[in-house]
1. Sorting M112, M173, M88 on the 10 Å Cβ count, fewest up front, what's the list?
2. I'm a student and want to see the number: the projected area of the Cα convex hull of the chain, averaged over all directions, in nm².
3. Can you list residues from other chains, or at least 5 along the same chain, whose modelled amide H is less than 5 Å from the amide H of H80?
4. State the antiparallel share, in %, of DSSP beta bridges confined to the chain, rounding to the nearest 5.
5. For the chain, what is the mean residue ellipticity at 222 nm derived from helices alone (per DSSP H run of n ≥ 4: -39500 (n - 2.57); sum divided by total residues; nearest 500 deg cm²/dmol)?
6. From the alpha carbon gyration tensor of the stretch 110-226, can you work out the equivalent ellipsoid semi-axes (sqrt of 5 times each eigenvalue) and give them in Å, largest to smallest?
7. So, R0 is 22 Å and r is the distance between the beta-carbons of Y294 and A76; what FRET efficiency does that work out to, to 0.05?
8. Report the residues of the stretch 116-157 in range of a label on D66: point 7 Å along Cα→C-beta, backbone N strictly under 19 Å from it.
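Where a number appears in this text, it was derived from the coordinates with a stated rule and is not lab data. Computed from a prediction, not measured in an experiment: that's the story for all the values here. All Cβ positions, even for glycine, are placed from backbone atoms using ideal geometry, and neighbour counts span all protein chains on display.
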Amino acid sequence: MFHFKWKKIGAITGLSLALIAAGCGQQEDNSGGGDDQSDSSANISEEVDHTITGIEPGAGIAQATDNAVEEYENLAGWEHEKSSTAAMLTALGDAIDKEEPIVVTGWSPHYMFAKWDLKYLEDPNGVYGDVEKIITIARQGLKEDMPEAYTILDNFHWEPEDMESVMLDAQEMEFEEAAQKWVDDNQDVVDEWTEGVEPVDGKSIELVLTPWDTERSSANVAKIVLEQQGYDVTLTPVDPSVVFEAIAAGDADASLAPWMPATHGAFYEKHEGEFEDLGENLTGAKIGLVVPSYMDIDSIEDLEPAE
Ligand code: PBE
């Protein structure tokens with residue numbers, strides 16, 4: 001935390017200098033109608049101190065962003081500053097309050113798009129993929145050991161709006177309560193997932209998830225549905241790499257957390273053949289570089305190198 005604040009002070013100092021420099025430039029350039037200059041992509045890149053405000057280092061989007069900095073020649077000399085989702089959202093909110101530029105790693109579904117007017121930067125190299133699916137994976141042997149749970153997990157499919165409604169309610173209540181509310185309101189959907197499945201008597205099952213609101217939503221809904229069926233459910237939040245490791249090793253039973261193909265594709269490939277892929281549980285997710293809509297750039301390629 002301390003480290004992050006310190007970095008932020010550095011960024012603010014850099015920004016003030018950039019603004020002073022821009023002001024000087026405008027005075028010298030009075031004849032040329034230099035008003036647009038403060039919005040130019042070179043200035044945007046300087047004003048953000050050639051820094052992408054990222055999230056937790058273990059996130060798939062963090063790996064993708066390191067790849068983007070490597071791959072895009074125009075991101076030469078850029079820093080990808082990793083901290084936490086909460087710190088990224090605070091920095092984004094602060095920048096928007098002051099109408100300052102900022103480049104963050106963002107994803108949907110997420111309330112950031114409802115709360116603020118934001119846009120994804122185009123990604124001509126396709127580093128962040130296009131549409132992402134969220135898939136369900138299970139340890140080998142789960143189908144034989146717990147066929148009832150396997151069937152329910154295999155049937156689990158919902159829409160981004162469903163996930164968003166749990167995430168929105170969870171702003172004001174615990175995820176358990178928000179998930180229960182969704183289950184109560186959508187018992188017809190849940191009935192389809194559990195149709196023909198026999199009840200069980202207190203068998204234990206462990207689901208691993210990643211520590212973001214999207215996955216807290218799906219895991220808590222799955223927990224309630226499996227508990228209705230008679231299971232005793234444990235939810236364990238871990239890093240994305242550990243989701244795959246735990247399922248591949250048989251230490252956990254299943255997960256509804258992997259984002260594919262771009263976000264967690266590297267982990268998937270590393271463990272391919274050591275787990276079962278039960279297919280998507282949601283489609284229409286996305287990751288990428290996100291900026292406030294007032295910023296006058298549209299593509300990652302509009303950013304300028306640091307050197
Ligand atoms: N996320 C949310 C995660 C997956 C879910 C996009 C921040 C990640 O990048 O690993």
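1. The most exposed by this proxy come first: M173, M112, M88.
2. Mean projected area for the chain: 17.1 nm², to one decimal.
3. I52
4. Values: 19 of 31 bridges.
The antiparallel proportion sits near 60 percent.
5. Working: 13 runs with 138 residues, N = 307.
Result for the chain, helices only: -13500 deg cm²/dmol.
6. Values: eigenvalues 166, 71, 30 Å².
Each semi-axis is the square root of five times an eigenvalue, giving 29, 19, 12 Å.
7. Calculated value: 0.25.
8. Only 127-129 pass the distance filter.
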